[in-house]
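The values are calculated or read from the model by the stated rules, or taken from the named source; none is laboratory data. Owing to the predicted nature of the structure, the values given are computational and were not obtained by experimental measurement. Here the Cβ positions follow ideal geometry from the backbone for every residue, glycine too, while neighbour counts run over all protein chains shown.
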Ligand code: GDP
């Protein structure tokens, strides 16, 4: 049964995947995170509150009471920050999160304070989030890591997290066997440790295919692969290959581009058609989703294509010829239609069919 879809970012992360997952989650019984740790930051606006829900580790389907949100074996988890996140989400949503809504795999690896210290000391030149994620993956590869199921019981915070751990791998299997699963990728294609601009990458694989190995299901179960990209490009952390716009000339864009997790300013720049085409191909994208189209309204901007810089501008995300020419240029040169266009951070800010 092909009942698994995978959603990934096609750029450098921060594409707005969280709000897309939140919107799509209505169609699934389970949303599963398959990579990274609390270095991810997803922002979701709930229907009931003006306050955005900031998520680091918890999958973005958490607003939906009937969805099981699974933090899978390939993730790394800081137990204390997860506890704080659960409490923060419970405060925003106004109810307790039950084990039927959230599960933590006993095979996920734990981030301990020593890893955070190491991250702060060793990797400042890369601009990591300093959350201990790289050292945790390194310890895992070195076979000296600590898995949630092995050590959690010995820790003082065990009681709080244990209810989310016990039986969660079996619950995920139930959803794989008889539910509908959406795998949520963190970061983006150009941060993949093997396929991104090493060493300016994250410490895990971010490509769609990694969902299969990380969560443990057959390639035959995969149905759609959603590729999410922003109408422009952003980058946080070091990357000498990233082409930048002058932040002063694009002040209103620059001002909204701060990392959800770190609060760091992101560099902004043009989309590169060659990069996006690579992302589509390497992930096997079947449905393309564009976000933040509204942010470019009123700006003159460029796109990198075949060594040239092509200029565009539009005032509104609507049927106007200026907006359509940007969308059609992308669709034609990327070789596939854009399935959905997001025009704002709220749940219903979509322009589905033009
Ligand atoms: P993720 O890491 O890919 O999940 O991205 P984030 O959740 O960090 O998204 C970045 C920011 O973009 C968040 O503050 C979202 O609320 C916001 N966002 C997402 N889609 C849109 C959109 O279409 N328009 C605008 N203006 N903001 C958006």
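Residue count for region 86-97, restricted to those that are within 16 Å of the ligand (Cβ to nearest atom) and part of a loop (DSSP other than H, G, I, E, B): 0.
Yes/no matrix, rows are residues, columns are (1) over 28 Å from residue 192 (Cβ atoms); (2) surrounded by fewer than 17 Cβ atoms within 10 Å (Cβ to Cβ); (3) at pLDDT 95 or above:
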position: 31; (1), (2), (3): no, no, yes
position: 57; (1), (2), (3): no, no, yes
position: 86; (1), (2), (3): yes, no, yes
position: 95; (1), (2), (3): yes, yes, no
position: 104; (1), (2), (3): no, no, yes
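Among the candidates 223, 171, the residue that is modelled with pLDDT of 95 or more, in contact with a strand residue (DSSP E or B) (Cβ under 8 Å, 6 or more places away or on another chain) and loosely packed, with under 15 Cβ neighbours inside 10 Å is uniquely 223. For region 124-131, check the following and say yes or no: at least one residue is in a helix (DSSP H, G or I), touching a helix residue (DSSP H, G or I) at 6+ places or on another chain (Cβ under 9 Å) and more than 16 Å from the ligand (Cβ to nearest atom). Checking region 124-131: at least one residue is in a helix (DSSP H, G or I), touching a helix residue (DSSP H, G or I) at 6+ places or on another chain (Cβ under 9 Å) and more than 16 Å from the ligand (Cβ to nearest atom). Selection over region 278-294 of residues that are part of a helix (DSSP H, G or I) and surrounded by fewer than 21 Cβ atoms within 10 Å (Cβ to Cβ) gives a count of 5.
Rundown of residues vs (1) within 16 Å of the ligand (Cβ to nearest atom); (2) more than 24 Å from the chain's Cα centre (by Cα), yes/no style:
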site: 239; (1), (2): no, no
site: 243; (1), (2): no, no
site: 256; (1), (2): yes, no
site: 295; (1), (2): yes, no
site: 300; (1), (2): no, yes
site: 310; (1), (2): no, yes
site: 341; (1), (2): yes, no
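Residues that are in a helix (DSSP H, G or I) and either within 13 Å of the ligand (Cβ to nearest atom) or touching a residue at least 60 places away in the same chain (Cβ under 8 Å) (or both) within region 38-85 comprise 79, 80, 82, 83, listed in sequence order. Does residue 18 satisfy the condition of being within 28 Å of residue 200 (Cα to Cα), within 12 Å of the ligand (Cβ to nearest atom), at pLDDT below 95 and assigned to a loop (DSSP other than H, G, I, E, B)? No. Count of region 207-220 residues, restricted to those that are over 17 Å from residue 185 (Cα atoms) and in contact with a strand residue (DSSP E or B) (Cβ under 8 Å, 6 or more places away or on another chain), is 0. Among the residues of region 163-176, those that are touching a residue at least 60 places away in the same chain (Cβ under 8 Å) and farther than 19 Å from residue 147 by Cα comprise 175, 176.
When the residues of region 312-332 are filtered to those that are surrounded by fewer than 17 Cβ atoms within 10 Å (Cβ to Cβ), within 29 Å of residue 241 (Cα to Cα) and over 25 Å from the mean Cα position of the chain (by Cα), the one that is nearest to the ligand (Cβ to nearest atom) is 313. Against the numbered list (1) more than 12 Å from the ligand (Cβ to nearest atom); (2) farther than 23 Å from residue 237 by Cα; (3) modelled with pLDDT under 95, residue 23 comes up short only at (1).
Checking each residue in region 343-354 for being part of a loop (DSSP other than H, G, I, E, B) and either surrounded by 13 or more Cβ atoms within 10 Å (Cβ to Cβ) or within 16 Å of the ligand (Cβ to nearest atom) (or both) picks out 343, 344, 345, 346, 347, 348, 349, 352, 354.
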